[in-house]
Amino acid sequence: MSTGKSTGAGVGRGAGTGRGAGTGKGAGTGAGSRTATGPRTATGAGAGKKITEKLSAAVLSESTGKDWVGWFAVLDKWGAHQRGHTDIARHLREEHGVNGWHAQSITVGYEQERGMREVGQSCDGTWEASGNKTVNVPAERVTEAFVDEAVRRRWLPDADLTLRTHRAGKSLTADWDGGASRISVFLTVKGPQKTQITLGHHKLADADAVVAYKEFWRERLGELKRVLEVG
């Protein structure tokens, strides 16, 4: 981020954009150190767990009729290792009746297992981090917390964030650190007073930046929940 001159954090310019990734302006020395304005460094930690470690074979089988081994065998037989991400996910949806979320998850798991992408890497080869949080407020209030600068400063202080698009109660996109990276937010209504926030931070520099921003957004979304629910 562009707040290094006031906090020494060096978010986008240090940890997440490729311009001196993992160093930042006055980044300090502790691996994974961070401030309210963004991560400083996160060296040597990798980008996290494979999706096959986060979504158990038993749960996948219960939801889709096959576990990881079963779906990998299906995709190998179809020749998925020679296909792109979109084609694989479409094949799972259209030929095997797998719902959209599980089709994406199986596709990512297959690509990671077969060496077609690394953990934290998107289907186009760039790096991205994600975070999610469920808050007990209407979706429109979540949108306001991103769009209204005064509200946003309460949970995301000094963020170099420029809104690109937003649909109240549904989604938004924004440039981060002058466009060096980008965030997307999708809101899922779980009830009149309950909303699930799914945030993606795209175009990061490398796996270390993914680790740093995963922790950063975990903390910031926790603070957003506090601001929205407690005030």
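The values are calculated or read from the model by the stated rules, or taken from the named source; none is laboratory data. Nothing here was measured: the structure is a model prediction, and the numbers come from that model. Backbone-built Cβ (ideal geometry, glycine too); neighbour counts: all protein chains shown. With ligands, DNA and RNA removed, areas are computed over all heavy atoms of the protein, side chains included. Shrake-Rupley method; radii C 1.70, N 1.55, O 1.52, S 1.80 Å.
Given V69, V147, G84, which one lies farthest toward the positive end of the charge dipole of the stretch 67-169, if we put +1 on the Cβ of every Lys and Arg and -1 on the Cβ of every Asp and Glu?
Of the options given, the answer is V147.
Give me the dipole magnitude in Debye, nearest 20, for the stretch 64-150 about the Cα centre, with unit charges on the beta carbon: positive for Lys and Arg, negative for Asp and Glu.
Values: 9 positive and 14 negative charges, 81 e Å.
The calculated dipole for the stretch 64-150 is roughly 400 debye.
Check which residues have an amide H placed less than 5 Å from A205's amide H, if you skip close sequence neighbours.
Those lying under 5 Å, H to H, from A205 are T17, G18.
Placing +1 at every Lys and Arg Cβ and -1 at every Asp and Glu Cβ, with all other atoms neutral, what dipole size does the stretch 127-230 have around its Cα centre, in debye to the nearest 20? Intermediate values should be presented prior to the final figure.
Working: 17 positive and 15 negative charges, 106 e Å.
For this selection, approximately 520 debye.
With the radius of gyration and the Kirkwood radius both derived from the Cα set of the stretch 127-230, what is their ratio Rg to Rh? Numbers along the way, then the final one.
Numbers: Rg = 12.8 Å, Rh = 13.6 Å.
Taking Rh as the inverse mean 1/r over Cα pairs, Rg/Rh reads 0.94.
Give me the accessible area of E95, 1.4 Å probe, in Å² rounded to the nearest 10.
120 Å²
Remind me, relative contact order of the stretch 127-230 in percent, using alpha carbon pairs under 8 angstrom and six or more residues apart? Spell out each step's value before the answer.
Working: 201 pairs, mean separation 41.2, N = 104.
Once normalised by length, the contact order is 40 percent.
Over the stretch 51-114, what is the mean sequence separation of C-alpha contacts under 8 Å (at least six apart), divided by residue count, expressed as relative contact order in percent?
Details: 38 pairs, mean separation 20.5, N = 64.
Taking the mean separation of contacting Cα pairs over the length of the stretch 51-114, I get 32 percent.
Quick one: putting +1 on the C-beta of Lys and Arg, -1 on the C-beta of Asp and Glu, what dipole do you get for the stretch 51-114 around its Cα centre, in Debye to the nearest 20?
100 debye
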